[in-house]
Amino acid sequence: MRKKLIAANWKMYKTPDQARAFFHDFIPLVKDHGRDEIVVCPNYLCIDAAVHAAKGTDVAIGAQNLHWEKEGAYTGEICTSMIVAAGVTHVIIGHSERRQYFGETDDTVNLKLKAAIEADLVPIVCVGEVLEEREAKLTDDVLRRQCLRAFHKISAKKAHKLVVAYEPVWAIGTGKTATPEIAADAHAIIRSETAQSFGEEFASQLRILYGGSVKPDNAHALMTTEGIDGALVGGASLDPKSFSAIVKY
């Protein structure tokens, strides 16, 4: 059995005080919830507040991005040693918004994945098609290409902590959600491509999350669909009651 992972992506929301207030309300709501792994990924400025607020609980803290270089003259960037020192254990890589707005490519995803692996972080690698690609029936090709390039020259042994998140870009922040059947089909493609890169045994153990307008009212249907191993939650993760309802689905 693959233990489900429910991850919150706060994006560019919340101040440190607001993060502390969130955890004050959220932690009691998920106390003793051991069924699933819970991760909250705040913005960089809220990481310290989140780490301290979640200390002593089963809630892990992740980062939303990283740079692949160990250090250097890269204004505005954060490297793995910095986030590890801050108490982060997980990191989101290649989110569709990073690809859409900030020039993230399949190749930079590969570099970031290698850096995360070397730092012993749990990488949550995001893949997914845009609306035009889905309408052109290119979903399979897009997912296979994104996985193939992301996993390039990475061994199964080193990638043992890998998590993949399927994000149909057309469903992010739009209120549209892929049906459980659409999500399961996409997850099957990802698992198949992972088997090509890392072997069948690795693929059978890989956790593949669904991300795209996950809310309390659709979480149960998604999370109980075979092949869906958790969720990457955006807007609905900003409210402690809403996110705890998704965690408890």
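The table for this structure:
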| item | result |
| --- | --- |
| Charge sum, other residues only, whose C-beta stays under 15 Å from Lys241's C-beta, Lys/Arg counted +1 and Asp/Glu -1 | 0 |
| Loop sites in segment 1-96: GluC sites (Glu not before Pro), DSSP, at most 15 other Cβ within 10 Å | Glu69, Glu71, Glu77 |
| Theoretical FRET efficiency, 1/(1+(r/R0)^6), r = Cβ-Cβ of Lys158 and Ala85, R0 22 Å, to 0.05 | 0.50 |
| Hull shadow area, averaged, the chain [alpha-carbon convex hull, nm²] | 12.3 |
| Sorted by Cβ density within 10 Å, fewest first, the residues Met82, Met223 | Met82, Met223 |
| Euclidean distance of C-alpha centroids, segment 33-88 and segment 89-111, integer Å | 16 |
| Chymotrypsin sites (Phe, Trp or Tyr not before Pro) lying in DSSP loop within segment 36-92, provided at most 12 other Cβ fall within 10 Å | Tyr74 |
| Cross-link table Lys14/Lys241; Lys3/Lys114; Lys3/Lys153, entries beyond 19 Å C-alpha to C-alpha | Lys3/Lys114; Lys3/Lys153 |
| Computed label-point distance, nm, for sites Thr57 and Thr224 using a 7 Å Cα→Cβ extension | 2.6 |
| Qualifying aspartates and glutamates (Cα of each under 12 Å from Cα of Lys11; at least 8 residues distant if same chain) | Glu97 |
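None of the figures in this text is laboratory data; all of them are computed from the coordinates on show. Everything numeric in this text was worked out from a predicted model, so none of it was measured. Cβ coordinates were reconstructed from backbone atoms using ideal geometry, including for glycine residues, and neighbour counts include every protein chain displayed.
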